[in-house]
């Protein structure tokens, strides 16, 4: 069976005041991507296709991993717009604590996603059903060509939804999975025709060597 490796982008600029500022890798993020790319090549795993979403942090991750070929892009691999969802929840006036304190931010994000899944946040630019449909479209795009190894750089929410869908898990499991996903972690699927299975989730063997554990981040 063919393999689909979906890697979460490296660390972005958490705490930035707007989506555009967030959508760039931090210095640590570039280092994470370099280590992940080197480790992948050392195992002899060479992709036949490279795909990213359209986000800057995803494209920067692929470049810093050392893959120079121009990737294909599909917007279905993009993250849900959490800035927009939080703005919809708080009427455009997100509390400073939610923006600046990591623990408060992620607790509030979880609550917001559950509300979104339940049909709330009507002012958001993207509905939950639209999000799940585009992730499925991205999966179909990535697995459509007759190749053996596909490498995708995506984001935590899209990966969480892809895993949940592959396991036929309830929607609330998406955010539970999402919040576990480490920067540059590898989630591996195998596929053949219409068959599509999760093989491993959220692994970071490239952070196992001594000293590399300090590179581990979640946002």
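The values are calculated or read from the model by the stated rules, or taken from the named source; none is laboratory data. Values in this document were obtained by computation on a predicted structure and should not be read as measured data. Because the Cβ atoms are built from the backbone with ideal geometry, glycine has one as well, and the counts that use them run over all protein chains shown.
Tabulated data
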read-out: Matching residues, the stretch 205-219, being loosely packed, with under 10 Cβ neighbours inside 10 Å and in a helix (DSSP H, G or I); value: 214
read-out: In the stretch 63-73, residue modelled with the lowest pLDDT [restricted to those that are in a loop (DSSP other than H, G, I, E, B) and more than 17 Å from residue 23 (Cβ to Cβ)]; value: 68
read-out: The lone exception for residue 125 - which of (1) without any contact (Cβ under 8 Å) to a residue 40 or more places away in the chain; (2) exposed (fewer than 14 other Cβ atoms within 10 Å of the Cβ); (3) not in a helix (DSSP H, G or I) it fails; value: (1)
read-out: The stretch 132-145 residues that are free of Cβ contacts under 8 Å to residues at least 40 places away in the same chain, paired with ones that are in a helix (DSSP H, G or I) and surrounded by 18 or more Cβ atoms within 10 Å (Cβ to Cβ) (beta carbon under 8 Å, 6 or more apart); value: 132/161; 132/165
read-out: Filter result for the condition that a residue is over 22 Å from residue 159 (Cα atoms) and out of contact with any helix residue (DSSP H, G or I) (no Cβ under 8 Å at 6 or more places or on another chain), over 48, 68; value: 68
read-out: Members of the stretch 128-167 found to be within 22 Å of residue 84 (Cα to Cα) and part of a loop (DSSP other than H, G, I, E, B), listed by number; value: 155
read-out: Every residue from the stretch 156-174 that is within 16 Å of the chain's Cα centre (by Cα) and surrounded by fewer than 23 Cβ atoms within 10 Å (Cβ to Cβ); value: 163, 164, 165, 166, 173
